[in-house]
1. Can you pull out the residues in the range 76-101 that are acidic (Asp, Glu) and either in contact with a strand residue (DSSP E or B) (Cβ under 9 Å, 6 or more places away or on another chain) or not in a loop (DSSP other than H, G, I, E, B) (or both)?
2. Whether any residue in the range 36-56 is exposed (fewer than 14 other Cβ atoms within 10 Å of the Cβ), under 15 Å from the mean Cα position of the chain (by Cα) and more than 14 Å from residue 2 (Cα to Cα) is what I want to check.
3. Criterion first (touching a Lys or Arg at 6+ places or on another chain (Cβ under 8 Å), part of a strand (DSSP E or B), within 12 Å of residue 4 (Cβ to Cβ) and not basic (Lys, Arg)) does residue 73 satisfy it?
4. Go through (1) under 17 Å from the mean Cα position of the chain (by Cα); (2) surrounded by 12 or more Cβ atoms within 10 Å (Cβ to Cβ) and name the single condition residue 94 misses.
5. For the range 39-62, what are the residues that are part of a strand (DSSP E or B) and hydroxyl-bearing (Ser, Thr, Tyr)?
6. Would you confirm whether any residue within the range 23-36 is in contact with a Pro (Cβ under 9 Å, 6 or more places away or on another chain) and part of a strand (DSSP E or B)?
7. Return the residues of the range 22-54 that are closer than 17 Å to residue 75 by Cα and without any contact (Cβ under 8 Å) to a residue 24 or more places away in the chain; say none if nothing qualifies.
8. How many residues are of a type in the set (Ser, Thr, Tyr), in a helix (DSSP H, G or I) and within 30 Å of residue 80 (Cβ to Cβ) if we restrict to the range 3-22?
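Where a number appears in this text, it was derived from the coordinates with a stated rule and is not lab data. Quick caveat: nothing in here was measured; it's all calculated off a predicted structure. Positions of Cβ are backbone-derived with ideal geometry, glycine not excepted, and every protein chain shown enters the neighbour counts.
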Amino acid sequence: MIHTLLIDCPDRKGLIFTITQIVFRNNLNITSNDEFVDRARNHFFMRAELSGELQPSHLGEELRVELPPEANIRLVPERKKNIVLLVTKEHHCLGDLLLRH
């Protein structure tokens with residue numbers, strides 16, 4: 001099952017290394033990863049998709065110990081989403097969206 005790990009916290013040196021080491025120790029694979037630092041606020045953001053046998057409480061506890069106390073950590077399981085698609089009466093609008101997908 002795939003889970004999305006969302007983290008935001010004050011930036012500091014070595015955050016990505018720390019997080020990926022914890023993920024590795026938990027025998028998980030990172031299938032997608034994005035990170036961003038807001039330099040004006042010195043704030044770190046990370047979104048990673050994880051696959052493997054996950055123990056959410058164990059992973060969360062390890063992250064809380066290693067990351068800054070102010071860190072927001074969320075682990076969201078993959079789920080189907082309900083989507084509404086709104087287009088005009090013109091056929092080319094819907095056709096264009098479907099072709100792009």
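1. 78, 96
2. yes
3. Judged against the criteria, residue 73 is a match.
4. Here residue 94 meets the rest and fails (1).
5. Correct list: 51 only.
6. No.
7. Within the range 22-54, 24, 29, 30, 32, 33, 34, 35 meet the criteria.
8. 1
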